[in-house]
Every structure is written in C-alpha cells, then in structure tokens.
Amino acid sequence: MVSGHSGHAHSWNHSPATSGVFEQEEQGTLLPLIGERFDPPQWGLCKVHPDHHIRFAYALYSVPTAYIGRQVDVRKDSQLVRLYLKGELIKTHPAMAPGQRSTDFDDYPKEKTPMPCESAPIRLNRLAARGKPAISS
C-alpha cells in the first residue's frame, strides 16, 4: 500500500454546484477537430516466401528478391502497408482487403517477371518464340 494512501478510490465531486461548469464555461472554448482522426495500425512479423510475397491480415504483398527468407516487420493502417527490415523501410503497398494481393512486378528479377494479365498459353508461346525449351506431354 502506498504511504499516506487510505486505500479508498478517489471520486470526483459531482455536486450540483460543479456539474454544469463544463457546459457553462469550458465547452464553448473547445476548438473543432482539425485533420484526420488517428488511424491505429496493426503490426506483425512476416517471413518473405520464395514467391516474393508475405501474408499479412489475410492479404498478400510482394517484396523484392533480396529479402526472400528474411523476417520483416509489417505495419498496416487503413491506407498503406509498410514493410521494414531492421527499422529501415523497404517496401510500401496500398492496403488490400482479405483475399486480395498487391504485386509489384519490379520486385522480381527481370528474367522472372511475368507480363501482367498474361495467360499461361500466351506466356508459353512467348517463351517458345524466344527459344526457350518446349514443354512436352
């Protein structure tokens, strides 16, 4: 027990004489809220998988090749996802809804970067045209 403390909880005086002070004297001096409200972030630790992605809050976010296999700190708010390695910002993505993904094809080596919206048959034909080995059945 703290010295000099009686053990009783402190209660504020809510007598009729003081209960209206806020409304009468203080409320009119308050300023309106300026700017946006605080956006509480979610934090986590994620491993960068061989497919260049992390999974955070049920969404996928790409990470550059150099970080594959590393643990990164992730900070997500309502607008952005920020990835950090040892306190240094390494990647930023827009926040995605669960089940969605944000992939930056610049995170992949140029020889492995798939063309956006390219279907498998189109990609195989393009690779074959460049002299890549054919796939046999």
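The values are calculated or read from the model by the stated rules, or taken from the named source; none is laboratory data. The structure presented is a predicted model; accordingly, all values stated were derived computationally and were not measured. Counting neighbours? That spans all protein chains shown, and the Cβs are built from the backbone with ideal geometry, glycine included.
Among the residues of the stretch 41-49, is any surrounded by fewer than 12 Cβ atoms within 10 Å (Cβ to Cβ) and either touching a His at 6+ places or on another chain (Cβ under 7 Å) or modelled with pLDDT of 95 or more (or both)?
yes
In this structure, does GLU36 turn out to be in a loop (DSSP other than H, G, I, E, B) and not hydrophobic (A, V, I, L, M, F, W, C)?
Criteria met by GLU36.
Restricting attention to the stretch 50-92, report how many residues are surrounded by fewer than 14 Cβ atoms within 10 Å (Cβ to Cβ) and either among the polar types (S, T, N, Q) or farther than 18 Å from ASP104 by Cβ (or both).
10
Hey, can you tell me all the residues within the stretch 27-64 that are touching a strand residue (DSSP E or B) at 6+ places or on another chain (Cβ under 8 Å) and free of Cβ contacts under 8 Å to residues at least 12 places away in the same chain?
ARG55
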